[in-house]
Amino acid sequence: SGDWGGKPLEDLKLGWAAALKKYPFLDGNRACALGASYGGYMVNWIAGHTDRYRALISHDGVFDLVSKYGSTEELWFPEWEHHGTPWDNRAAYERWSPDQFVGNWKTPMLVIHGGKDYRVVETEGFTSFTALQRRGIPSRFLYFPDENHWVLKPHNSILWHDTVLDWLDRWLKPVAETPAP
């Protein structure tokens, strides 16, 4: 509470470092951060605070905490997390809002959002994608007008998985070695 991107990001960094140390088959140079809901927020946060990943995938992620406050169906949670409303404690919302750090974004990102998501409304995905496009960062937007915070329909789930796997292949495949002459 009150530290949305601070200690959680440190935990993720430490966890990734521990996994790389413990599992030699992991390739730390070909990694992607993928998250949904708060995880999508964290991917947007990561985009502004580290370039250690080759690619990012944000599903139903928060981009602007102030805007999200006025558009969500769930107000208790942000008031608890940020110790009040945006007009009473705007600094807390802005401190942890990914939109405040777009100037640091450079990692390719796939943005996914559902049109019937009332927890994190679709404009959060649209604005993330717009920021990526305006900054010239390789990006793609996958939009499900008939899904909510989760992708539940079988045909949409197939498209979700195919799109995510294609994104991972595009950015994480090892570069083929050129055979010696």
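The values are calculated or read from the model by the stated rules, or taken from the named source; none is laboratory data. For clarity, every value in this text was computed on a predicted model and none was experimentally measured. Note: ideal-geometry Cβ built from the backbone for every residue, glycine included; neighbour counts use all protein chains shown. Note: areas computed on protein heavy atoms with side chains; ligands, DNA, RNA excluded. Shrake-Rupley method; radii C 1.70, N 1.55, O 1.52, S 1.80 Å.
For the chain, what is the convex hull (Cα atoms) projected area averaged across all directions, in square nanometres?
On the way: hull surface 49.7 nm².
One quarter of the hull surface, i.e. the mean projection, equals 12.4 nm².
Give me the percent of the accessible area of the chain that comes from carbon and sulfur atoms, probe 1.4 Å, all protein chains in place. Kindly include the intermediate steps, with their values, before the conclusion.
Working: 5760 of 10030 Å².
On the chain, the fraction of accessible area on carbon and sulfur atoms equals 57 percent.
Which GluC sites (Glu not before Pro) in region 55-84 sit in a loop by DSSP (not H, G, I, E or B) and have at most 13 other Cβ atoms within 10 Å of their own Cβ?
Details: sites: Glu73, Glu74, Glu79, Glu81; in loops: Glu73, Glu74.
Listed in order of number, the matching sites are Glu73, Glu74.
Estimate the FRET efficiency between Glu81 and Val175 by the formula 1/(1 + (r/R0)^6), using the beta-carbon distance for r and 35 Å for R0, to the nearest 0.05.
That gives a FRET efficiency of 0.25.
State the number of lysine pairs found in the chain whose Cα atoms come within less than 30 Å, restricting to pairs 8 or more positions apart or on distinct chains.
Value for the chain: 20.
What's the FRET efficiency of Lys106 with Thr163 using the Cβ-Cβ distance as r and R₀ = 35 Å, to the nearest 0.05? Walk me through the intermediate numbers first.
Values: r = 22 Å, r/R0 = 0.62.
Efficiency computed from Cβ-Cβ geometry: 0.95.
With an 8 Å Cα cut-off and a minimum separation of 6 or more residues, compute the relative contact order for the chain in percent.
Details: 295 pairs, mean separation 38.6, N = 181.
21 percent.
For region 1-150, give the magnitude of the charge dipole about the Cα centre (Cβ charges: +1 Lys/Arg, -1 Asp/Glu; no others), in debye to the nearest 20.
Charge dipole of region 1-150: 860 debye, to the nearest 20.
Can you give me the C-alpha center-to-center distance between region 80-123 and region 1-76, rounded to a whole angstrom?
Computed from Cα coordinates, the inter-centre distance equals 12 Å.
Could you work out the Kirkwood radius for region 1-85, taking every pair of different alpha carbons, averaging 1/r and inverting it, reported in Å?
On the way: mean 1/r = 0.0708 Å⁻¹.
That comes to 14.1 Å for region 1-85.
Under the rule a/c < 1.5 gives rounded, and otherwise a/b versus b/c splits prolate from oblate, where does region 66-153 land using the Cα gyration tensor? Intermediate values should be presented prior to the final figure.
Numbers: a/c = 2.88, a/b = 1.20, b/c = 2.41.
Oblate.
From largest to smallest, what semi-axes in whole angstrom does region 64-112 give when each is the square root of 5 times an eigenvalue of its alpha carbon gyration tensor?
23, 13, 8
For a quick check of your reading of the filter: which chymotrypsin sites (Phe, Trp or Tyr not before Pro) in region 82-159 sit in a DSSP loop and have no more than 11 other Cβ atoms within 10 Å? Mind dumping the intermediate values first?
Working: sites: Trp87, Tyr93, Trp96, Phe101, Trp105, Tyr118, Phe126, Phe129, Phe141, Tyr143, Trp150; in loops: Trp87, Trp96, Trp105, Tyr118, Trp150.
Within region 82-159, the qualifying chymotrypsin sites (Phe, Trp or Tyr not before Pro) (loop, at most 11 other Cβ atoms within 10 Å) are Trp87.
Classify region 120-181 from the C-alpha gyration tensor, please: rounded if a/c falls under 1.5, else prolate or oblate depending on whether a/b exceeds b/c. Could the numbers behind the result be given before it?
Values: a/c = 4.75, a/b = 1.61, b/c = 2.95.
Oblate, since a/c reaches 1.5 and b/c is not below a/b.
To check you understand DSSP bridge types, tell me what percent of the beta bridges within the chain (both residues inside) are antiparallel, rounded to 5.
Within the chain, antiparallel bridges account for around 0 percent of the total.
Counting only heavy atoms of protein chains, what accessible area per residue, in Å², does the chain have with a probe of 1.4 Å? Don't jump to the answer; show the numbers that get you there.
Details: 10030 Å² over 181 residues.
Value for the chain: 55 Å² per residue.
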